[in-house]
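The values are calculated or read from the model by the stated rules, or taken from the named source; none is laboratory data. Keep in mind that this is a model prediction, so the values were computed, not measured. Note that each Cβ is placed from the backbone with ideal geometry, even for glycine, and that neighbours are counted across all protein chains shown.
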Amino acid sequence: MAYDYALVHLKYTIPLAALLTVIAYPIFHRIHFLQIGSLIVVSFLATLPWDSYLIRSNIWTYPPDAIIGPRLYGIPIEELFFFVIQTYITSLFYILLSKPLFHPLYLSTQRNSPQRIARGKVIGQGILVALTVYGVHQIRTGGPGTYLGLILAWAFPFALLTFTVAGRFILTLPLTSTVVPIIIPTVYLWLVDELALGRGTWAIESGTKLGWCLFGVLDIEEATFFLATNILIVFGMAVFDQYLAIIFAFPHLFPKVPRSPTPLMLVQSRFSNTKQYDLERIAGLSDAVTRLKAKSRSFYLANSLFTGRLRIDLILLYSFCRLADDLIDDSTSRAEVKSWTTKLYKFLDLHYKSDVKANKARIDDYIDEAFPPEAKSALKYLPATILPSQPLYQLIEGFELDSQFSFHDSSESAKFPIADEDKLNYYGQCVAGTVGELCVALIIEHCEPEMPDERKKMLMSASRTMGVALQYVNIARDIVVDAEMGRVYLPTTWLKEEGLTPEDVVAHPRGKHVENLRRRLLSEAFKLYDEARPKMNGIPKEARGPMIGAVETYMEIGRVLRELEGGVELERGKATVPGGRRLKTVLKALFSA
Ligand SMILES: CC(C)=CCC/C(C)=C/CC/C(C)=C/CC/C(C)=C/[C@@H]1[C@@H](COP(=O)(O)OP(=O)(O)O)[C@]1(C)CC/C=C(\C)CC/C=C(\C)CCC=C(C)C
């Protein structure tokens, strides 16, 4: 059929590429352009001479009417387009499937690989060498093994090169990010090839092929070609990710990372000595991810929307906030609370009230001496140099206020410190407004350090408001759980309007009156949210979608609570957002950003 090859693209490759583009669009970061772009250039240049040779040697041919006409070195334009579109499609599968991964954690194996990874790398290299040698042998022998030989001897030296550079990293990644993005496009392209071969869009000449088919009329050589090239693409993407992980994870090697790392930085990363890798920091990052995963479903889901050093610093900030909260929350006496807050303030003083560079060793010593071992990494890796001090001090003040519920003097007002709406707002500002400000400080530093002051101020103020909104949702969700611990965050003045006292709520946290107040609190939360949400459009592009996603997944808890009629029983006293709905919320946020 006329122009059949172009039709193959129109029907099968372009629609899939377009669909994947739409799906990947919200998570697309400028670094992905560099990643995919470089890979397309490399695969184009590497395939051009090889493919040209095959066509000139009549190993495969095209009926004249199946192609449009223009050729480069004998290769039809449709075939040249194939190099580009296949690389693009497989790269997108890889990016989508790798998005949840936190690549720095896979760097540890570069230096201290477990036996099985080290052995796997050697075995993999051995297999790739054997396949290359077998390919060369087939070419030399000539005849039916020629085409297969040409594929093996061309593709596997490249695979060997990338596997030698990133083999341990590749072997540590989950199969869902390596094998799956190889297999899905390979099988798809097998089916497309089967169709094209069946229709005669192109033909593999007999004499230089083995004549075995994987299925239908799909020659084993064609099947091998698509499998080998997709392996090359996925390995190439993984090499990039390994270098990016080094750049992002190690500030001592790359103190400043621009919005998108430069090609020069990638080369420097390639040549950085693995002995320089700070494996203790990687262990610290691993602790922080474990803490995040264990403690917050919403922020754990949201963290994977971010990239680069911003993602790392947000996780480290979460880890610090959670640790400080837990240290104070788990205290068993007022004296213990005092002791932790004093230590945390001193830790902040060492960072902000003295020369940090000169003090680095002192800070580390202090952490070792004053805090338990499990607290060490959360404190040591707090990105304090790029965080403002005031919100950190105020956060500790908020935790101190919280501890009054458990340890207080005998007065009634100290026992239930949230006396009125102002106190509630102040508490929200302390424990969550501050967190909003800290998050925005990290975004500005990593995405737009040159942001005009006016916009910075607007974002800071909106982030405080949004933090309080989230905190109100948190309180509205946890009324029952908090009451079981003797805590009532609903303002005492509001309770009075419903004819209740805090003690009543502790005794009976369910019921119509408490439900009225839950709704009132949620309505305040959504007022604050409505005020701050439009301002989020001022967040730099690469962090906007992810931040909106993070906020929306949390506010969705509030929406679920609002939908529950008359205080329906909640799971362990807590409302949860079903997985599908959470995913929908994130996608909606990402597409609307
Ligand atoms: C993606 C990612 C890893 C984000 C990390 C965000 C972060 C640093 C959160 C710290 C949370 C934390 C442990 C704070 C201590 C005080 C506390 C408990 C506050 C409550 C959070 C809930 O955390 P929890 O671990 O309990 O989670 P679960 O409910 O169990 O799931 C809070 C409700 C406060 C959270 C407040 C924020 C994250 C600030 C929100 C504001 C912004 C993100 C700024 C938006 C920007 C503009 C311009 C409006």
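So the values come out like this:
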| read-out | value |
| --- | --- |
| Y318 vs. criteria within 16 Å of the ligand (Cβ to nearest atom) and either over 16 Å from P100 (Cα atoms) or not in a helix (DSSP H, G or I) (or both) | yes |
| The stretch 268-288 - residue that is hydrophobic (A, V, I, L, M, F, W, C) and surrounded by fewer than 19 Cβ atoms within 10 Å (Cβ to Cβ) and, of those, modelled with the highest pLDDT | A283 |
| Residue among K360, K343 that is assigned to a helix (DSSP H, G or I), among the charged types (D, E, K, R) and surrounded by 16 or more Cβ atoms within 10 Å (Cβ to Cβ) | K343 |
| Check on T164, in a helix (DSSP H, G or I), of a type in the set (S, T, N, Q) and buried (at least 20 other Cβ atoms within 10 Å of the Cβ) | no |
| Filter pass, L80 being under 27 Å from L292 (Cβ atoms), surrounded by 15 or more Cβ atoms within 10 Å (Cβ to Cβ) and of a type in the set (A, V, I, L, M, F, W, C) | no |
| Cβ pairs under 8 Å, 6+ apart, first in the stretch 308-335 and farther than 20 Å from G398 by Cα, second of a type in the set (G, A, S) and surrounded by 21 or more Cβ atoms within 10 Å (Cβ to Cβ) | L310/A543; I312/A249; I315/A288 |
| One residue from Y12, Y3, Y73, Y88 being surrounded by 19 or more Cβ atoms within 10 Å (Cβ to Cβ), out of contact with any strand residue (DSSP E or B) (no Cβ under 6 Å at 6 or more places or on another chain) and of a type outside the set (A, V, I, L, M) | Y88 |
| Qualifying residue in the stretch 502-514 (condition: crowded, with 22+ Cβ neighbours inside 10 Å and closer than 23 Å to P391 by Cα) | no |
| Single condition F306 does not satisfy, out of (1) more than 16 Å from the ligand (Cβ to nearest atom); (2) among the aromatic types (F, W, Y); (3) buried (at least 23 other Cβ atoms within 10 Å of the Cβ) | (1) |
| Selection status of A532, closer than 30 Å to M451 by Cβ and touching a Ser or Thr at 6+ places or on another chain (Cβ under 6 Å) | yes |
| Given (1) within 16 Å of the ligand (Cβ to nearest atom); (2) exposed (fewer than 14 other Cβ atoms within 10 Å of the Cβ); (3) acidic (D, E), index of the condition E445 fails | (2) |
| Qualifying residues in the stretch 460-487 (those that are in contact with a Phe, Trp or Tyr (Cβ under 9 Å, 6 or more places away or on another chain) and acidic (D, E)) - the one farthest from the ligand (Cβ to nearest atom) | D482 |
| Cross-chain or 6+ apart pairs with Cβ under 6 Å, the stretch 1-22 first and more than 17 Å from T186 (Cα to Cα), then part of a helix (DSSP H, G or I) and charged (D, E, K, R) | A2/D65; Y5/E78; A6/E78 |
| The lone exception for S269 - which of (1) hydroxyl-bearing (S, T, Y); (2) in a helix (DSSP H, G or I); (3) more than 24 Å from I95 (Cβ to Cβ); (4) away from the ligand (no atom under 16 Å from the Cβ) it fails | (3) |
| Flag for D287 being of a type in the set (D, E) and within 16 Å of the ligand (Cβ to nearest atom) | yes |
| Pairs where the first residue, in the stretch 434-451, is under 9 Å from G467 (Cβ atoms) and the second is of a type in the set (S, T, Y) and not in a loop (DSSP other than H, G, I, E, B), C-beta under 8 Å, 6+ apart | G436/S463; G436/T465; E437/S463; C439/S463 |
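Results for (1) hydrophobic (A, V, I, L, M, F, W, C); (2) on the phi < 0 side of the Ramachandran plot; (3) in a loop (DSSP other than H, G, I, E, B), shown as yes or no for each residue.
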position: S52; (1), (2), (3): no, yes, no
position: N58; (1), (2), (3): no, no, yes
position: I68; (1), (2), (3): yes, yes, yes
position: E79; (1), (2), (3): no, yes, no
position: F82; (1), (2), (3): yes, yes, no
position: I85; (1), (2), (3): yes, yes, no
position: Y88; (1), (2), (3): no, yes, no
position: P100; (1), (2), (3): no, yes, yes
position: S113; (1), (2), (3): no, yes, yes
